[in-house]
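Presented below is the structure to which this report refers.
The values are calculated or read from the model by the stated rules, or taken from the named source; none is laboratory data. As the structure is a prediction and not an experimental result, all values here were calculated from the model. FYI the Cβ positions are ideal-geometry reconstructions off the backbone, even for glycines, and counts take in every protein chain you see. Protein only, heavy atoms only, side chains kept; ligands, DNA and RNA dropped before computing areas. Shrake-Rupley method; radii C 1.70, N 1.55, O 1.52, S 1.80 Å.
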Amino acid sequence: MTERYVELHAASAFSFLEGASQPEEMIERAVKLEMPAMALLDRNGVYGSARFHTSAKRNGIRAHIGAEIAVSSFGSRVTPPTWLPQQHIDEPARLPLLCESREGYQNLCQLITQFKMREKTKKEGAAIYDDLQQYASGLVCLTGGDEGPLAAALVNGGEEAGRKTVEQLVRVFGPKNVYVELQRHQEREEEWRNQAAIRIAHSLKLPLIATNGVRYATAYDREVLDLFTAVRHHTNLDSAGRLLALNSQRHVRPTQEMNMLFRDIHSAIGNTEELSARLKFELNDLGYQFPPYSVPDSDTMDSFLKKRVEEGIARRYGPKNDRGLLERAKRQVERELALIAKLGFAGYFLIVWDIVQFCKSNDILIQGRGSAANSAVCYALEITAIDPVGMELLFERFLSESRGEWPDIDLDLPSEGQREQAIQYVYQRYGELGAAMTANVITYRGKSAAREVGKALGFDEESLGRLSSLVSNWEWRGKTDTMAHSFHNAGFDIHHPRIAKYLELCMRIQDLPRHLGQHSGGMVICQGQLNHVVPLERASMPGRTVVQWDKEDCADLGIIKVDLLGLGMMAVIKDCLDLIPEHYGEKIDLAQLPEDEEVYRTLQKADTVGMFQVESRAQMASLPRNNPEKFYDLVVQVAIIRPGPIVGKMMHPYMRRRQKREEISYPHPSLEPVLKRTLGVPLFQEQLLRMAMTVANFTGAEAEELRRAVGMRRSWERMKTLEGKLRAGMNANGIDTATQDNIVQNISSFALYGFPESHAASFALIAYASAYFKVKYLAAFTCAILNNQPMGFYSSAVLVKDAQRHGLRIKPIDVQTSSWSCTVEHEHDGSLSLRMGMRYAKRLRRQSAEALVASRLRDGPFCSTEDLALRVPQLDRKELTLLARIGALNKVDGITHRRDALWQAERAGKMEGPLLRQRSEWLQEHSDALPLKQMNVEERLVADYAGTGLTTDRHPMYHRRPELRRQGIRSAEELRHCRDGEFVRIAGCVIARQRPGTAKGFIFISMEDETGIANVIVTPDLYDRDRLVVTRSKFLLVEGPLQNQDGVIHVKATRLMALSGNALEVQSHDFH
Amino acid sequence: MTRSAELYACLYVREFPAQAMLRLRQKIHNQPCVVMEGEPPLQYVCSLNSKARTLGIVVGMTRVEIDAFPSAVLLTRSLKEEAATKAVLLECAGMFSPRIEDVKQDRSFLCVIDIAGTETLLGPPNILAQKLLTQVHALGIRARIAVSSNFHTAICLARDMSLRTAITVVPVDNESVALEPLPLAVLNLSEEHAETFSLWGICTLGTLSELPEKELIARMGQEGKRLRQLAQGVLPHLFVPVETVFALEERMELDSPVEQLDSLLFAMSVMLEQLILRATNHVLALASVTVTFSLEGGALHTRTVRPALPTNDKQIWIRLIHLDLEAHPPQAAILSLMLIAESGKTSKTQLGLFSPQLPESMRLDVTLARIRAIVGDDCVGRAVLQDSNRPDGFRIEPFSVPSGPIVEAILDQTPTAMRQLRPAEATTVILKGQKPDAFFFRQKRYVVEHAYGPWLTGGDWWNSTLWGLEQWDVVARGNDGAALCCCLVRDLMRNSWRMAALYD
């Protein structure tokens, strides 16, 4: 009789380099083979279990959870005998454990955490016998395949040692919880171990169980496993030898095949189904609880929260002097607080409030974003800065009764140091085992795949460099944009068998996990012990711990996380808040920035370089059309240039209506209040919710469920039910079928990509602040943004040129005045200027620069290059030369130009020893003559770009203008006065190339000259023809018709040329 | 020696790999030709002729990029041909002076000839240079020659690409003027110095030579002084002439074709004597001897004999060569013979007074040579297992004295004795439901009683050598009732069965 087989020992690619298939592929294969359940046992963790579980649920099969735990007490795992040449490394044997109950799962998590955290740094680690005894309850143990303790004992000490090991396991887990495992991969060595195992099982009266020790879904994937083995052992396939698999039998096998293999062993297959039935635990039964917030005895968490919210409401709405608004706000928070109390989420809000309080008291700028901005409670607690009542935002998008998951609050912090401060505060407060970062699974992507596969196939370093540099990072993937195509273009023969195999392997390992990193800001917090819920381990960064799941896994399993994200623009704003009072004498209140006409005029002109969220080429192209006049227009602006509205074809109708070229209409008259703000075009997720609530009488919770159902591509069934309900509701409201179709279409096309209004509002607030600062306080803003690079869309060189065009005087690095960072200086005429900081001198170490500044402050300016070298011994010769090269020594006595400085710096950098220096007159140079000639303009520009990445001098194109003018080439400024359709020629320095996924292969190039930025569109055909010119040229000459529509100017390129000519060649050679 | 007594001619050949290849291939001279370097599939252009350059081909392009130029002729770099061309060029230079210094370059050829004092014999420098150039052209090589009384000046001028003429002669004491316009690239500067000079705006040798000496030394050390002198054309040079190569070669043309090996042994003995004598003069011994016969019909027959230690014992050499040639006799009559010997250090080992007497190494060599003559070269030595899953994963290595302690495999049970059949013998197998049911082995039919397996192995999937095997351990009985325990192997790539081993 054929018995049903359940695979109870499978490892996925989350056994990092010891498995070759995604958990989803395992499930897919199990479903195909009609397996009712499957168990995932990855190496030392449950990394893949969340995805395994989610995928199994979706496919209606059971996912058993477990892990293979390295236990050093059982000795080393089996390796080939020492007399055979081999390269196996010593690794502890691994014990397969399966979770029978929630207690078992919690024990497994604690067991893993215990031995992982025993290590002081990020390491694999191993458990000891005592750990097993401590956490054995609720776990079922198998004796393992060739990685397991039984095989190790049999090989090292024979059958007797094998029996002792099994007896040891029985003592730890109890006789009912130990299964003697048999695997048959059709290998000779394995079979004699199996025969010994059968005898041991019979003598100890233990059940036998068949597994296949699965490492990949299908036999073909053995190649990937072999490849990973070579990567793991830092060798290549040709020299890996016995490290590689002997055959391809470790795939998920069908019941029939397993029955055939084990037909001589009674019950080995039957026991798989029996054990599977015993394993009751599944991951949705985690028992996760968010920690409570400790409150004074006189208060409950709810009452404490209520008090804080009431205080906040008074603080927030008091100054607005709007009685009606205050009343509405009070009503709203009452409603929200009631729901929070009902769902028991008060602790969560208080914990986030606590983090915000910590930041505020430590002078750290913090602001919430995302759907939290829909909540008046969050606004009152100062978690967010957007007034949801005033803006009529929809609370249900944030929190609803039936959603069955925790609300999501993201907090933006100025990057680096201050974010780390906040993270360490959370660790301190909730303890090492109470909070951890979410993981970030590092997967094989284009470049890393290309590199590692190449190494494994034995390619040399030079070819590897070339191969991996080929992999395109551009977003658009056209039909010719395959890896194969780019390899061919770069001169590799893709028909050569080894190159063909290389390509194939590169593609096959895309997205497979390589190792675990940490997410930049996602933290999970748990009541009491987080290590009951998911194993914790050390991150490579000291003082950080990380859970074994990434943020999507955590969200899927309903674990709450607080995102503490670094946002460069927050740091810029923070710096502005310090710089503006200092240099302009004006105090700034970020919460009360006035609506300023000049700021909106600047936005309307798309003069937005450096401004948050509105500076990209696509944003600039739509700003003149959207013509923002008030804050809400900016909210729309931030939200509309997104893949969602563009793919959902929402952008153009909105823009047409905004320009009054199209009449405003609504799918149904009842939707007018919902869609009025966005001129009848649904743009935000909140609107989708409201639409469902209005036309089909959905509750807020139901509407939110609908949004999520549409958002999840695979939940078609749920979607169908909800659509039925939606249509029923609309029928009840008497809406005709055509309108119904229209509304359903609107909802389903849009929900996939929609942007939450609250999130857009939070971002718009930062965008407005950045625009306000740039327009009103250009020196402070430029200084702040230059000190926080890299960030945003443009390089520092572009930001500097843009500020100069707006009238800011920018002065070069000077050792007599510059600090490490850029600074604002006061000119004699009362105006402000910007001094570049020494951080822009490439390869100048911070400590050298700081020593220089300290010496200057202590002993006054430097009187010669020799004086500088003597007083600042930290500066080495290369640094001195660098400073000389970029003109930073030009203000030192006796130096008239950069080459004088270079001549002297070279001497000062080769100083004689201290003994000779006492009699330095012996070595003094008698001749004061400085033999080097001054640099010409081009040489200076090259030196500037090579040494600082930018120039404070005139734009490189300025020097060529007369010549360009003779050739009839226009400047960016002149394009503004050209007619639509006019044939133009322009030239400039390429500052950005983009190939957005939504643009069907079109390429957008931004080119800068001394008058501004011009935009060029390159068609896919032209790109295919002139690929090298498009991707490699630093300076371009473009010809084509001008498109000037609504003040948005583009040149549609018909011909592209790299700018040559003697002088320009030099420039393009060294810039960027 | 006074300065004016010095005079050097520098002979410079650019694109040497390409020129060396094209020298003997007249037919393709007028076509665009490129020389490729590197292992397939990662080959790249390392040198090319001017026709190829006009097409737009540059050094460093890959094979596929070159495929875009269908007219280009592809050649593979040959270091041997380059060495031969170099020898020819040096020989040609040697006709003008015995003192030649070979300046090593990767992709070009550069030698400097000391032509001081040759004027009366070969004419003034420009005439000499012209003659040299004509000779070199006759060899099929395009070159450039610069003559100067300063060694380095001659090299710098020869390297300068901007000059249109193939010959440059610098009048005495006029070096600095001649060097003045040259770019710094002719100096072969280190990256660091090149960067410094570029920062200083120093682009030509003229501007470099104008820098004040003491100040330059304070900045660049003695290297600065050297470069400045180079630029001024006054850097002295210690000439190191090429030494004649010490080659142990003897060649003999036979008067008539010889078929009997024995009759050659006397001649060979005389040649060996000469080789040994020359080696002894250099305090060396013969490490290996390569015998090359030119045979009737144009074929060559080459054998190399290499004993464990270098020796000058003629009798041993004769015996070893004789044994080797007996095992590998030439297939046609011999027209000429050549002996090329490699030399090595003489082997004299100081043995301890009480250390045991070792067998004489030369006698062992002779014995091994005898065995080799019978069983073949690849079958003598010790078997060394390879780190591979392949069942035949071993190789034969020459015997050597083990250096570390010997690790003995400890087996705790008596293993089954097995006779591996090498090579495995082909058999015919009859299957029943994927399992062997009967087979024919050594003209006998066997019926399978028990079959254990299949044991599956396979690997090397990334290579053209990929393999896959299915093994069965079988207990079978023959027609005569005799039992046979054996291992049957099926090659999954070729679907063929073989008998791999017999169990005792």
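List of remarks:
Every residue, every condition in (1) more than 27 Å from A:LEU286 (Cβ to Cβ); (2) open to solvent by less than 60 Å² (accessible area, probe 1.4 Å); (3) at pLDDT below 70, yes or no:
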residue: A:GLY478; (1), (2), (3): yes, yes, yes
residue: A:ASP481; (1), (2), (3): yes, yes, yes
residue: A:ARG498; (1), (2), (3): yes, yes, no
residue: A:GLN510; (1), (2), (3): yes, yes, no
residue: A:PRO535; (1), (2), (3): no, yes, no
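- The residues listed here are B:GLU210, B:GLU259, B:GLU223; of these, the one that is out of contact with any Ser or Thr (no Cβ under 7 Å at 6 or more places or on another chain) and in contact (Cβ under 8 Å) with a residue 40 or more places away in the chain is B:GLU259.
- If the condition is being buried (at least 24 other Cβ atoms within 10 Å of the Cβ) and of a type in the set (Ser, Thr, Tyr), then the stretch B:128-150 contributes only B:SER148.
- The residues listed here are B:PHE69, B:PHE96; of these, the one that is without any contact (Cβ under 8 Å) to a residue 40 or more places away in the chain and either away from every other protein chain (no Cβ under 14 Å) or aromatic (Phe, Trp, Tyr) (or both) is B:PHE69.
- If the condition is being crowded, with 24+ Cβ neighbours inside 10 Å and either over 30 Å from the mean Cα position of the chain (by Cα) or within 14 Å of chain B (Cβ to nearest Cβ) (or both), then the stretch A:202-220 contributes A:ILE209, A:ALA210, A:THR211, A:GLY213, A:VAL214, A:TYR216.
- Criterion violated by A:THR721 - all others in (1) among the β-branched types (Val, Ile, Thr); (2) closer than 30 Å to A:PHE398 by Cβ; (3) open to solvent by less than 40 Å² (accessible area, probe 1.4 Å) satisfied: (3)
- Scanning the stretch B:383-410 for residues that are of a type in the set (D, E, K, R) and either exposed (fewer than 11 other Cβ atoms within 10 Å of the Cβ) or at pLDDT below 75 (or both) yields B:GLU397, B:GLU408.
- Qualifying residue in the stretch B:179-193 (condition: within 14 Å of chain A (Cβ to nearest Cβ) and open to solvent by less than 60 Å² (accessible area, probe 1.4 Å)): yes
- Candidate set: the stretch B:373-382, residues that are at pLDDT 80 or above and not aliphatic (A, V, I, L, M); chosen: the one least open to solvent (accessible area, probe 1.4 Å): B:GLY381
- Qualifying residue in the stretch B:473-492 (condition: assigned to a loop (DSSP other than H, G, I, E, B), at pLDDT 90 or above and closer than 20 Å to A:LEU246 by Cα): yes
- Residue satisfying all of: in the stretch B:45-66; more than 13 Å from chain A (Cβ to nearest Cβ) and among the charged types (D, E, K, R); farthest from A:ILE499 (Cα to Cα) among these: B:LYS51
- Test: residue in the stretch A:330-353 that is open to solvent by 40 Å² or more (accessible area, probe 1.4 Å), in a loop (DSSP other than H, G, I, E, B) and not small (Gly, Ala, Ser): no
- Applying the criterion of being without any contact (Cβ under 8 Å) to a residue 60 or more places away in the chain and more than 26 Å from A:ARG805 (Cβ to Cβ) to the residues of the stretch A:1003-1029, the residue that is surrounded by the most Cβ atoms within 10 Å (Cβ to Cβ) is A:TYR1023.
- Of all residues in the stretch A:766-803, those that are of a type in the set (Val, Ile, Thr), open to solvent by less than 10 Å² (accessible area, probe 1.4 Å) and farther than 20 Å from A:THR952 by Cα total 1.
- Which listed residue is within 24 Å of A:ARG429 (Cβ to Cβ) and touching a strand residue (DSSP E or B) at 6+ places or on another chain (Cβ under 9 Å), from A:ILE340, A:ILE383: A:ILE383
- Search result, residues across the stretch A:368-416 that are of a type in the set (S, T, N, Q) and in a loop (DSSP other than H, G, I, E, B): A:SER375, A:THR384, A:SER400, A:SER415
- Applying the condition of being more than 8 Å from chain B (Cβ to nearest Cβ) and in a loop (DSSP other than H, G, I, E, B) to the stretch A:232-244 and asking which residue is surrounded by the fewest Cβ atoms within 10 Å (Cβ to Cβ) yields A:HIS234.
- Residue count for the stretch A:974-1020, restricted to those that are among the β-branched types (Val, Ile, Thr), under 29 Å from the mean Cα position of the chain (by Cα) and part of a loop (DSSP other than H, G, I, E, B): 0.
- Here A:GLY162, A:GLY144, A:GLY138, A:GLY157 are screened, and the one residue that is free of Cβ contacts under 8 Å to residues at least 24 places away in the same chain and closer than 24 Å to A:PRO175 by Cα is A:GLY157.
- Within the set A:GLN195, A:GLN168, the sole residue that is within 14 Å of another protein chain (Cβ to nearest Cβ) and open to solvent by 20 Å² or more (accessible area, probe 1.4 Å) turns out to be A:GLN195.
- Every condition in (1) within 14 Å of chain A (Cβ to nearest Cβ); (2) more than 30 Å from A:ARG498 (Cβ to Cβ); (3) acidic (Asp, Glu) is met by B:GLU101 except one, and the failing one is (1).
- Among the residues listed as B:LEU139, B:LEU132, the single one being under 18 Å from B:THR165 (Cα atoms), aliphatic (A, V, I, L, M) and in contact (Cβ under 8 Å) with a residue 60 or more places away in the chain: B:LEU132
- Residue ranges of strands (runs of 3 or more DSSP E) in the stretch B:1-116 with at least 1 members at pLDDT 85 or above, over 26 Å from the mean Cα position of the chain (by Cα) and not polar (S, T, N, Q): B:8-13, B:109-114
- The C-beta contact set for the stretch A:563-589 (first residue farther than 30 Å from A:PRO407 by Cα, second residue modelled with pLDDT under 90 and assigned to a helix (DSSP H, G or I), distance under 7 angstrom, 6+ apart or interchain) comprises A:LEU577/A:LEU590.
- Selection of helices (runs of 4 or more DSSP H) fully inside the stretch B:212-300 by the criterion of at least 1 residues being open to solvent by 30 Å² or more (accessible area, probe 1.4 Å) and closer than 30 Å to B:ALA185 by Cα returns B:213-220, B:222-232.
- Number of positions in the stretch B:463-472 that are free of Cβ contacts under 8 Å to residues at least 60 places away in the same chain and either more than 10 Å from chain A (Cβ to nearest Cβ) or in a loop (DSSP other than H, G, I, E, B) (or both): 5
- Filtering the stretch A:17-46 to residues that are assigned to a loop (DSSP other than H, G, I, E, B), open to solvent by 10 Å² or more (accessible area, probe 1.4 Å) and within 21 Å of A:GLN110 (Cα to Cα) leaves nothing.
- When A:VAL471 is tested against (1) modelled with pLDDT of 75 or more; (2) touching a Lys or Arg at 6+ places or on another chain (Cβ under 7 Å); (3) more than 30 Å from A:GLY347 (Cα to Cα); (4) away from every other protein chain (no Cβ under 14 Å), only condition (1) is not met.
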